[in-house]
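Taken together, the values in this text are just the output of simple stated rules run on the coordinates, not laboratory data. This one's a predicted model, so the numbers in the text were calculated from it and none came from an experiment. With ideal geometry, Cβ positions are generated from the backbone for all residues, glycine too; neighbour counts draw on all protein chains shown.
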Amino acid sequence: MRRIMYLLLPLLFLHVSAQHWTPFGYTPKQPTQEGRVRLVGNLPSSGRVEIYHDGQWGTVCDDGWEVAEAQVVCRQMGFPGVISVTPGGQYGEGSGPIWLDDMNCKGSESSLSDCSFKGWGVTDCSHKEDAGVTCDTGKNITSNRQFSVDNSLGLSDDLGLLFDSRDGCDFSIKVRDLSEEAELAFCVHRMILMIYPELNITNESRNLTVDVSQACHPHVSAFLRYLYTRQIDVSITSAQCLHQLSFIFGVKTLMEDVGRVFTSLLPEDNTFRTQLSMYEYGVRTGDLVLQENVLQYLSWNCEFLISSPLWSTISFHMMDALLQRSDLVVEDETFLLEALERWIQDKGDEISSEQQASLLNHIRFLLIPVDKLYEMQFSSSVLHKNHEKLYLTGLLRGFQFNALPFSKIRNKMDSMSNDYLPRIYTSDEWSVFINDTTNNYPYYNYNYGQNNRFKTFSTPAHPSALYKEKMVQWQAQVFLSVQECSNYGVSCNSVPTARFLASGYQNSYTNTIRFSNRLILTCKNQNNVFHVQEFKNSMAVISTNSSMGLPNPCPDDYSFRFVVRPEYI
């Protein structure tokens, strides 16, 4: 029996250096570019402010250094706000040039170098006046969570005693950290290890040596005991180590169990630092389940990710994986293309021409509105200039898709792959938003206009320009009680339940177009999407925490977005 008990689990910030503090030992790679800032200190969110200019890092004088200036630095680094300003070299004296002096920010600038100052290197300060800041790390995440994993099949207690006693052990495992010259030795039973084929233990095997960071050495014994009992308690300090040991020893079940706990953390960090780090960690350990869970969450929150300062830091392989997905929640395809262009511009020489081209091929030009396709012909973006032929090919295919009837392109659809499939587009043309979820309306109300949980709107039957005038009327409604469902003639087994009905849907194209609509659940105060689900027979029963892929971080305060997704059959 498998039993995973989730109480609480904090972010596993196990790798700390003077300038970076990131979960899962991963620092998002950023190009060292003009105007970039960093904090030099013992924590990632506080330290001496340094800025990169003319190929060199330098400090900032504390003359004029106030909350507005600190706010710009914190936001530029991806933190939601500032806690305090620290003048006077509190974080030690820097070296090299003092680049900025007499700062004067409004607080709304996107980077520190956008503020007013004397001029680069123009200063009368010494390094004793180097400015510092303490940034707000965002939502506090409790640190008292732990969970238990139980994959036992029987005899667990007896096998645990066998491990503890070491009686009859006939196999040696050495765990070492070469960099620290640290080593542990364990005597275990070869027969137990032979249960795990990934270890390739045979009757002739006598020993096994593995390289494990010394920080994880205290957790090796508990892990080896799991090999006997299939039971283990996972604590704050052991979670990442147990995941890494599971990866090294090939114990996939435990690795995925711990990986699911990592997944439960996804909605808790609105800066996206944890999610980006977690994905790269999943890539390094080969945890495909963890990678997919992170990508799904980032896809659902793609609009927020694009507007985040960390958008420019994501890796090429993550960008490549995201752009291939149809569950991206974005305003429209043009919005996604513009975000890709900004990302490529920020990366500079870090992204090769071949990589740029492969990413551009993932843009679904066929789904770009025809008026925006026309405007894009005159784009002066770097991506357009570098790949004009590829760009124009995409535009041509987009115009063809908007001009030709479905019967003409049906035979070509297989070769188009996902190019003609819509993502989850949230523009006003294709979606409606219901924000009021208070249950204070009469159960039955003939005047729908008085119920803020009932909305009507219309959309074209399809994104193709051929269907621009062929409109479909939609009714979107949220039911908060079983009695309310009954009064509207709807059968609800549980609530909340959403209904999304189409009318005016003509038979002339029912065999050509189908609707694969989506319901998006978003936390009102946190601005993060925690669930996206399909409608079945025009109904969507809101999942409970136990059946959701992610926990609902705002069970009493979330909103509904109904999205129309027409696609050719």
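Miscellaneous remarks
- In order along segment 186-201, phi translates into HN-Hα couplings of 10, 9, 10, 10, 4, 4, 5, 5, 5, 5, 9, x, 4, 7, 6, 7 Hz, rounded to whole numbers, per the Karplus curve 6.51 cos²θ - 1.76 cosθ + 1.60 with θ = phi - 60° and x for Gly and Pro.
- Orientation-averaged projection of segment 207-357 equals 11.0 nm² [convex hull of Cα atoms, one quarter of hull surface area].
- Using the Cβ-Cβ distance between N525 and L288 with R0 set to 41 Å, the FRET efficiency works out to roughly 0.80.
- Percent breakdown of C-alpha pair distances by 10 Å bin, ordered from the shortest bin, for segment 206-273: 18, 50, 25, 6, 1
- Lysines whose Cα lies under 26 Å from that of K470, excluding same-chain neighbours fewer than 8 positions away: K372, K408, K412, K455, K536
- FRET efficiency for the pair A465 and N361, taken as 1/(1 + (r/R0)^6) with r the Cβ-Cβ distance and R0 = 25 Å, rounds to 0.60.
- Straight-distance crosslink candidates among lysines, where the alpha carbon sits under 18 Å from K347 and sequence neighbours closer than 8 are dropped: K29, K385
- Amide H to amide H, with H built 1.01 Å from N, N517 comes under 5 Å of F535, R565, counting only residues 5 or more places away or on other chains.
- Set of aspartates and glutamates near K128 by C-alpha distance (under 20 Å), chain-local residues within fewer than 8 positions excluded: E50, D62, D63, E66, E69, E93, D101, D102
- From phi via Karplus (6.51, -1.76, 1.60), per-residue ³J(HN,Hα) for segment 558-564 in Hz, x at Gly/Pro: 10, 10, 10, 10, 9, 10, 8
- Computed extension length for Q33-K106: 24.0 nm, one decimal, from 0.36 nm per residue of separation with the Cα-Cα distance subtracted.
- The HN-Hα couplings worked out from phi for segment 340-345 by the Karplus form 6.51 cos²θ - 1.76 cosθ + 1.60 (θ = phi - 60°) are 5, 4, 5, 4, 5, 5 Hz, whole numbers, x standing for Gly and Pro.
- Whole-percent pair-distance distribution, where bins are 10 Å wide, for the alpha carbons of segment 327-366: 28, 53, 19
- For peptides 389-397, 116-124, sequence by mean Cβ density within 10 Å, most packed first: 389-397, 116-124
- Segment V370-N435, length gained on full extension (0.36 nm per residue, minus Cα span): 20.3 nm
- 5 angstrom amide H check on N528, placed H, neighbours 5+ away: C523
- Reported value for segment 186-234: 92 Å³ per residue, from the convex hull of its C-alpha atoms.
- Charge context of I344, other residues only, Cβ under 14 angstrom, K/R +1, D/E -1: -4
- Simple label model, 7 Å out from Cα along Cβ direction - V67 to C169, nm: 5.9 nm
- Spin-label model, M191 to D150: label points 7 Å out along the Cα-to-beta-carbon direction sit 2.6 nm apart.
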